[in-house]
Amino acid sequence: MATNKERIENLEVGLGQLQDNLSKIERGLSEELQQIKAAITKFSELSLPSKDASSSASDRSIQNRTHQDGAREGGRPLYSAKLAKLEFPKYSGDDPTEWFTIVHQFFEYQGTPDSEKVSLASYHLHGEANEWWQWLRRTHTKVGTAVTWEVFSEELWGWTQKALVGTFMGGLNSEISEGIRMFKPKTLKDAIGLARMKDEQLLRQKAIHPSFQMSSSSPTKIKPSTPVKRLTWEEMQKRRTQGLSFNCDEKFTPGHKCVTPQLLLLDGGLENEDDDGGGPEKSLKLQRSLQF
């Protein structure tokens with residue numbers, strides 16, 4: 001039977017072994033902790049460049065917004081352009097000058113990329129303008145070319161000017177239209193300018209070679225048997241859209257003759273430029289041809 005001394009010795013041996021085991025466990029935990037710290041340090045070093053880049057990009061974005069906001073000071077509201085609700089203008093085939101101006105302002109203000117300009121503009125074409133767009137798209141599809149914004153703008157401008165020039169010249173007096181047709185005006189402004197010069201030339205010729213009556217009695221004023229109506233630009237566009245004749249209120253067809261002809265005057269709305277002595281402004285009135 002073991003004595004108390006032996007028991008104490010056995011306990012001391014067991015405590016010594018337990019301390020050794022605890023020391024081994026402590027060393028293992030310490031090594032694992034060092035490995036974890038090393039892994040965390042390495043991960044931090046790898047992720048540091050991306051954080052710096054992100055921080056720099058964020059700083060640049062803040063600086064850009066600050067610069068843009070500062071540029072909008074001086075009475076203008078400080079808000080993002082994309083937050084402003086702008087209405088894209090519609091177009092149906094009349095004079096495209098104002099439409100193009102508003103469209104360019106819209107694209108610039110909204111920052112519209114070139115790849116989206118044609119789709120956005122063509123979506124807002126109506127009537128004859130939409131028919132023209134369908135023709136242009138089919139034409140480029142056949143040859144396998146894309147319709148860029150530059151091509152779209154040039155083709156649309158040329159189409160509208162050609163249509164407006166044809167409509168304008170078709171309603172002129174034959175003496176005036178035949179006199180300016182040889183110059184082949186490309187725009188409506190050119191056609192109106194040539195018509196004005198031709199009209200002034202005819203007036204000078206009539207003043208130089210007046211027609212005399214055979215009778216010695218004083219000439220009497222002859223009132224026109226046909227009604228005279230002043231045709232504005234908007235009315236001319238409306239008649240063209242409705243398919244009406246420019247000389248009466250009836251539908252126009254090839255070989256059409258008006259039952260009740262009218263004398264229509266088109267106000268060109270042009271101002272005299274470089275007149276002798278800087279004369280007063282006046283509007284040109286061009287006589288529309290009569291169809292009987």
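The values are calculated or read from the model by the stated rules, or taken from the named source; none is laboratory data. A quick note: this is a predicted structure, and the numbers were derived from the prediction, not measured. For neighbour counting, all protein chains shown are included, and Cβ atoms are generated from backbone atoms with ideal geometry for every residue, glycine included.
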Count of residues meeting criterion [surrounded by 14 or more Cβ atoms within 10 Å (Cβ to Cβ) and over 27 Å from Thr241 (Cα atoms)] in the range 96-116: 4
Kindly evaluate Lys85 against the criterion of being outside any strand (DSSP E or B), at pLDDT 85 or above and among the basic types (Lys, Arg). no
Can you tell me which residue among Leu172, Leu188, Leu203 is under 24 Å from Glu128 (Cβ atoms) and at pLDDT 70 or above? Leu172
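If you scan the range 109-133, which residues turn out to be part of a helix (DSSP H, G or I), out of contact with any helix residue (DSSP H, G or I) (no Cβ under 7 Å at 6 or more places or on another chain) and under 13 Å from Gly93 (Cβ atoms)?
Listed by number, the residues that qualify are Glu128, Ala129, Asn130, Glu131.
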Exactly one condition in (1) modelled with pLDDT of 90 or more; (2) surrounded by 11 or more Cβ atoms within 10 Å (Cβ to Cβ) is not met by Leu136; state its number. (1)
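Residues are listed down the side, and each one gets a yes or a no for (1) at positive phi; (2) aromatic (Phe, Trp, Tyr):
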| residue | (1), (2) |
| --- | --- |
| Trp99 | no, yes |
| Val103 | no, no |
| Gln110 | no, no |
| Pro113 | no, no |
| Ser119 | no, no |
| Gly127 | yes, no |
| Trp133 | no, yes |
| Arg138 | no, no |
